[in-house]
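A.B. asks: The structure follows.
The values are calculated or read from the model by the stated rules, or taken from the named source; none is laboratory data. If you're wondering where the values come from, they're calculated on a predicted model, not measured in any experiment. Note: ideal-geometry Cβ built from the backbone for every residue, glycine included; neighbour counts use all protein chains shown.
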Amino acid sequence: MESNAKRRAAEGALSFLEGAEVVGIGTGSTIMEFVDLMKPDARLYVPSSMETVRALSSRGFRVAHPSSVSHMDIYVDGADEVDADLNMIKGRGGALTMEKLLAHYARSRIFIVDDSKIVSRLGERGPVPIEVLPEALGFVEEGLRNLGLHFEERTCAGKRGPLMSDTRGYILDVEVPRDADPANLDNQLRSIRGVVETGFFLGMADAVVVGYSDRVRILTRST
Ligand code: 5RP
């Protein structure tokens, strides 16, 4: 059912590409549904992760490294949680730093999610990931403890120690306290030197396309 809803969200986002020449593409299973629906064309695609580089290039899309472009017409990505103000948590796929960079520089930003991602409070479904400079891991963990925050180092099968992202940072998953204000928590996290980026995407979505098993709904800041 969830994959049907992801497919519906992906279908609902296709029309946003009209007129775009340079398109940033995010990471994750929902964005893979989107990539499956697209056809190679004259557009230039800027991927946010190695997974997406491989998915796009193996299907014959024109791919550009982020360092080789200076503007993007649109950025399309998935999300882990979306609240009523279209604020989001992203990065449970570990690509938050490049995703935030591309989303920041794109002229417009569209996010596609299935309906299970809609929450009443950010942090309801899981932690907020942060990316940390490897050399600063001990300092950052102490900084988080000083703020009274609970966290886990993200690991992955087949590798000892913390998982290293495509952008060569460690990922820590930080529990969001029930009474936390996301903007304040984001500021607190980013003020710990050695934190490269957080998975709070606040005020970044121009539209969120929500897929349900049988329909699609487009949320914009004004809806
Ligand atoms: C990766 C992300 C993904 O967009 C997010 O985790 C959603 O993934 P999925 O579509 O697989 O649920 O932020 O860093």
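A.B. asks: Which pairs have Cβ atoms under 9 Å, sit 6 or more apart or on different chains, and link a residue in the stretch 2-19 that is at positive phi to one that is of a type in the set (Asp, Glu)?
C.D. replies: Between residues of the stretch 2-19 that are at positive phi and residues that are of a type in the set (Asp, Glu), the close pairs are Gly19/Asp73.
A.B. asks: Would you mind finding the one in Val128, Val140, Val82 that is touching a residue at least 40 places away in the same chain (Cβ under 8 Å), over 24 Å from Asp206 (Cβ atoms) and aliphatic (A, V, I, L, M)?
C.D. replies: Val140
A.B. asks: Got at least one residue in the stretch 164-174 being more than 17 Å from the chain's Cα centre (by Cα) and modelled with pLDDT of 95 or more?
C.D. replies: No, the stretch 164-174 has no match at all.
A.B. asks: Kindly evaluate His104 against the criterion of being in the same structural domain as Leu17 (by TED's automatic domain parsing), at pLDDT 95 or above, more than 26 Å from Asn187 (Cα to Cα) and exposed (fewer than 15 other Cβ atoms within 10 Å of the Cβ).
C.D. replies: No; evaluated as a whole, the condition is false for this residue.
A.B. asks: Which condition from (1) crowded, with 18+ Cβ neighbours inside 10 Å; (2) within 12 Å of the ligand (Cβ to nearest atom) is the one that Met38 breaks?
C.D. replies: (2)
A.B. asks: Just to be sure before I move on: is Arg92 within 27 Å of Thr198 (Cβ to Cβ), basic (Lys, Arg) and in contact with a Gly (Cβ under 8 Å, 6 or more places away or on another chain) in the structure I sent?
C.D. replies: Yes, satisfied.
A.B. asks: What is the residue count in the stretch 82-100 for residues that are in a loop (DSSP other than H, G, I, E, B), among the charged types (D, E, K, R) and near the ligand (Cβ under 6 Å from one of its atoms)?
C.D. replies: Counting residues in the stretch 82-100 that are in a loop (DSSP other than H, G, I, E, B), among the charged types (D, E, K, R) and near the ligand (Cβ under 6 Å from one of its atoms) gives 2.
A.B. asks: Now, a different point. Please name all residue pairs, on different chains or six or more residues apart, with Cβ atoms under 6 Å, provided the first residue is in the stretch 91-103 and is in contact (Cβ under 8 Å) with a residue 24 or more places away in the chain and the second residue is within 6 Å of the ligand (Cβ to nearest atom).
C.D. replies: Every condition considered, the pairs that remain are Arg92/Asp80; Gly93/Thr27; Gly93/Gly28; Ala95/Thr27; Leu96/Lys90; Glu99/Gly26; Glu99/Asp77; Glu99/Lys90.
Residues are listed down the side, and each one gets a yes or a no for (1) part of a strand (DSSP E or B); (2) buried (at least 20 other Cβ atoms within 10 Å of the Cβ):
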| residue | (1), (2) |
| --- | --- |
| Glu141 | no, no |
| Gly148 | no, no |
| Pro162 | no, no |
| Asp166 | no, no |
| Leu172 | yes, yes |
| Asp179 | no, no |
| Leu185 | no, yes |
| Gly203 | no, no |
| Arg217 | yes, no |
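A.B. asks: Give the number of residues within the stretch 4-31 that are surrounded by fewer than 18 Cβ atoms within 10 Å (Cβ to Cβ) and under 12 Å from Gly78 (Cβ atoms).
C.D. replies: Count: 1.
A.B. asks: Which residue pairs have Cβ atoms closer than 6 Å, lie 6 or more positions apart in sequence or on different chains, and pair a first residue in the stretch 24-49 that is over 20 Å from Asp80 (Cβ atoms) with a second residue that is part of a strand (DSSP E or B) and within 15 Å of the ligand (Cβ to nearest atom)?
C.D. replies: Tyr45/Ile25; Val46/Gly24
A.B. asks: Does Asn87 meet the test of being within 18 Å of the chain's Cα centre (by Cα) and in contact (Cβ under 8 Å) with a residue 24 or more places away in the chain?
C.D. replies: When the stated conditions are applied, Asn87 passes them.
A.B. asks: Determine which single condition Arg107 fails, assuming it passes every other condition in (1) out of contact with any helix residue (DSSP H, G or I) (no Cβ under 7 Å at 6 or more places or on another chain); (2) touching a residue at least 40 places away in the same chain (Cβ under 8 Å); (3) under 30 Å from Leu44 (Cα atoms).
C.D. replies: Exception for Arg107: condition (2).
A.B. asks: On to the next question. Kindly provide the set of residues from the stretch 17-72 that are among the small types (Gly, Ala, Ser) and in contact with a strand residue (DSSP E or B) (Cβ under 7 Å, 6 or more places away or on another chain), ordered by number.
C.D. replies: Result: Ala20, Gly24, Gly26, Ser48, Ser57, Ala64.
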